[in-house]
Structures are given as structure tokens and as C-alpha cells.
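Comments concern the structure below.
The values are calculated or read from the model by the stated rules, or taken from the named source; none is laboratory data. Only a predicted model underlies this, so the values are computations on that prediction, with no experimental measurement involved. Don't worry about glycine lacking a Cβ; one is built from the backbone with ideal geometry, like all the others, and counts go over all protein chains shown. Note: areas computed on protein heavy atoms with side chains; ligands, DNA, RNA excluded. Shrake-Rupley method; radii C 1.70, N 1.55, O 1.52, S 1.80 Å.
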Amino acid sequence: MESKSSGRRKFLKASAAIVGAAAAGVRAAGGGATAPDMDIPDLEALIAYGQRSPFVTSKRISVMERMSPDEFGMTFHVLSPIQDSVGIITPSSLHYISTHRGSYVPNIDPKEHRLLIHGMVDRPLIFTVDDIKRFPFVTRTHFLECLGNRAKPSHKTVQETHGLTSCSEWTGVLLSVLLKEAGVQSGAKFIVAEGAESVKGATSIPIGKAMDDCLIAYGQNGEALRPQQGFPIRLLVPGFEGMHNVKYLRRIKVVEEDYKTYNDYGHLVPDPRIAALTRIIGPKSVITFPSGTQKLPGPGFYEITGLAWSGSGAIRDVEITTDGGQTWNLAELRTPAYPMAHTRFAFPWTWDGKECVIMSRCTDELGTRQPTRAESAKFFNKPDDKDFRVPGADNSVFPWRIAADGSVQNGMA
Ligand SMILES: Nc1nc2c(c(=O)[nH]1)N[C@H]1C(S)=C(S)[C@@H](COP(=O)(O)O)O[C@H]1N2
Ligand SMILES: [Mo]
């Protein structure tokens, strides 16, 4: 404690010098000048629904390459700019998107929308969105991650390597509440959930999970779901691979076996080791600062920071290496570690100005630790394969290389 705070005092002293120098360069220091007013095109609209500063330009980008093999060539992936993220909540407007069938987003009138629950139930039921909102709600913070979220040596930024994950505060009704209303019959083993758009985004979920912590979500980050996130309702299957979180949810059929649907193509691998890995995500983590294409202005104090998550529960700890994996040090968790949620870590660090490789690895509350790529290669009996590509979901440790000039590059190459 003593040494830590005196270390921090030293840092504050050093940074005071930086701030002092910068302030000297500012015209009219001391608040003499006021900034010009924002150029507001539509004041009424701005009052009704705010917008960010024109100086903040962080944006999503789409992936043109086919990230999950799709026999129909129908994949649409949009990456979240996690290099600019702070805290753990992804703004709804920057949430990653994975929607099949081009950029097609159904325009659903919530008054017309219905959810049907049928199959192996005592009472098939049809709910309106208002019906669903009358049930007791829960609000929970959970991440989503697409199976296509895999780093390649050609990727430059952390948006490209890891941008197919996001984290929101979701509000909705527990699926178990609605399933109990319908009365699940004995012998039921799975549910098949289906969306309202043309490819239906359908997928199967084991009944145990369906009766546990799944949500029929209508709220995201304090407001209604965004159309691209499944307005008016979506299924949320905490910790399961993104595909299970069916958007535009309109039908749940309780069934006796694991149904395979359009959406399963490209997600299924016959190898049981991979199949086991594919349903539940992680544990996984990535450093968002410093990250690819960013540049450290010079040696000195920095905080390495990033995100960690696991489909099996809360993050227990995150370790950082700044010497290419020879030594690992505990990072600080700077946000509550919610189950199946992004958790923000930070690691105070003084860079000596020499080339180095930094990485993060996390351990979840079950004690499962994120594997290095070499450990994954060994697990799949390919320890000598230099171009090893993790089959199924890739949660391996990811390296950033910092050059002596402070520039940061993908360390996979
Ligand atoms: N109806 C529907 N639900 C869907 C999909 C879809 O194409 N249609 N894509 C799935 C996939 S592959 C992922 S990764 C997540 C992405 O959710 P998001 O677009 O809100 O990030 O939604 C899933 N739910
Ligand atoms: Mo996905």
C-alpha cells in the first residue's frame, strides 16, 4: 500500500510536469476565451434525443470477408470499435452486429409482433410484446460474442481482431417464467427459437439452459432494443455463442432433440472437442490499449487496459505479461465482475522504450484459464504447426508487439 501510493505520487509529479507544459501552450489560459457553439442542424431533434460530440468519431466497420463459412454466402458482420471503449457497456449504437442475409433488418411494428410458445407444452401460448412486459422483469449485464470473432495475422486493429463482442445491460423477462406458463412436458430436451426475418436465425438450446438464466429481452442500456439488435424482443442466452441469441424472436418450440437449422451451418464441427467448445464462450480477454495502429508517444507511465469475459461465469482474475509471456502479473479489475459479462482490467505500467510483446490472459470463477495459442495447438495435437488456426471458437491469448518507436502491431505475424 505504502509503496504503491508513493509510486502513484511520483507519477502524479511527473504528469504535473507534462500538464504544465501543455497548459503553457494554450492560448487564453485561465478561461478567458469560450469555445464556439456547436453547429446544431436541428435543435429540436437534439433536445429530443441527444447526439455525441462531432469530435468523437469512433465508428463500427463491416467485415467483407466471410468469417463463418456459410454455404449460401449470406453473412453480415459489423465490428465494434473496442479500441475506443471505456468501462464495460458498449453503447447500443456501437454494438457489434451479426445478421445473416445481407444487411436486411426487419422493420417490426411492436404492436403487430407476437411470440408463440408451443411444441411439448401443456398450453401453447401467444404473447404480445405488452403481455411480455407485464411479467416481472430482470436487468442484467451480459456480453455477446460471435463465433467469427477470431484474430488473424492480417488484422491491424483490435476492432478487427476482437470487435465481434459487445456488452450491454439487458432488461427482460426470464424465459423460464414464460415456459412455466406454458407448462413444459416431461421428455422435453431442447427448445428451438426462431426470429421473424426471412432466414429466421433459428437455433436450439438445451432445456436446462432455457429454464436457467435466459432472457426474453426488450430493453438494452436503458432503452428499447435497437432494430439491429433484435427489436422488439430477442432471446438472450448468457455465455452461449452469439448465434443462440435469436433476434426478432417470434417462436419457441419445445422439442425432444437438438434441431439443426440454417444458422447452424458453419458453426458445427463433427469433432466432439470442438463441439464442446462451441456452445459456451471463452474465457477470453484482449488488451484494448495499447493496441494495433496506436502509438505510444515515448517511454513512461501508461495503463494497459482491456476486456475479459467468460461464458462460464464471472472473471476471477486477469494477468498481464509485458515480456512476451516470460512473467505474468495480476491486473486490477476496475469494474464489478458480473457473470457472463465484460470485465474491465487495468495494469499500471512504465514502458522503458524497448521493443516488447504485451498480452493478457484471464481465469474465470470455475478456474478455467484462457489458453495461449501454443497451448491450443497442443490440445489439438498440432504443437509444431506454425500457422495453427484454432478450430471452432478461438479464445486464445492474443499478443500486441510494441516497437521501439512506440508503434503497436498485431503480434501474431
Ligand atoms: N433472427 C436472427 N437472430 C440472430 C442472428 C440472425 O441472423 N437472425 N444472428 C445470430 C448471430 S450469428 C449472432 S453472433 C448474434 C449477434 O447479435 P447482435 O447482432 O445483436 O450483435 O445474433 C444471433 N441472432
Ligand atoms: Mo455470429
Lys and Arg at +1, Asp and Glu at -1: neighbours of I108 with Cβ under 15 Å from its Cβ sum to +3
So, by mean Cβ neighbours within 10 angstrom, what's the order for 110-119, 171-180 with the highest one leading?
171-180, 110-119
With a probe of 1.4 Å, find how much accessible area the range 284-410 has per residue, and write the answer as a whole number in Å².
44 Å²
Over the range 65-268, what relative contact order in percent results from Cα pairs under 8 Å that are six or more residues apart?
26 percent
Please compute the Kirkwood hydrodynamic radius of the range 284-410 from all pairs of different C-alpha atoms, in Å with one decimal.
15.1 Å
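With the other protein chains left in place, how much accessible area per residue, in square angstrom, belongs to the range 65-268 at a 1.4 angstrom probe? Don't jump to the answer; show the numbers that get you there.
On the way: 7940 Å² over 204 residues.
Here the per-residue accessible area is 39 Å².
Just reorder T350, T343, T305 by solvent-accessible area, largest first, 1.4 Å probe, all chains present.
T350, T305, T343
Once the other residues with Cβ under 15 Å from the Cβ of G298 are scored (Lys, Arg +1; Asp, Glu -1), what is the net sum? Let's see the in-between values first.
On the way: positive: K295, K354; negative: D352, E355, D405.
Summing Lys/Arg as +1 and Asp/Glu as -1 gives -1.
Which entries of K354/K378; K156/K284; K152/K378; K209/K378; K180/K284; K209/K382 have Cα-Cα distances beyond 29 Å here? Let's see the in-between values first.
On the way: K354/K378 31 Å; K156/K284 19 Å; K152/K378 19 Å; K209/K378 31 Å; K180/K284 34 Å; K209/K382 33 Å.
Check vs 29 Å cut-off fails for K354/K378; K209/K378; K180/K284; K209/K382.
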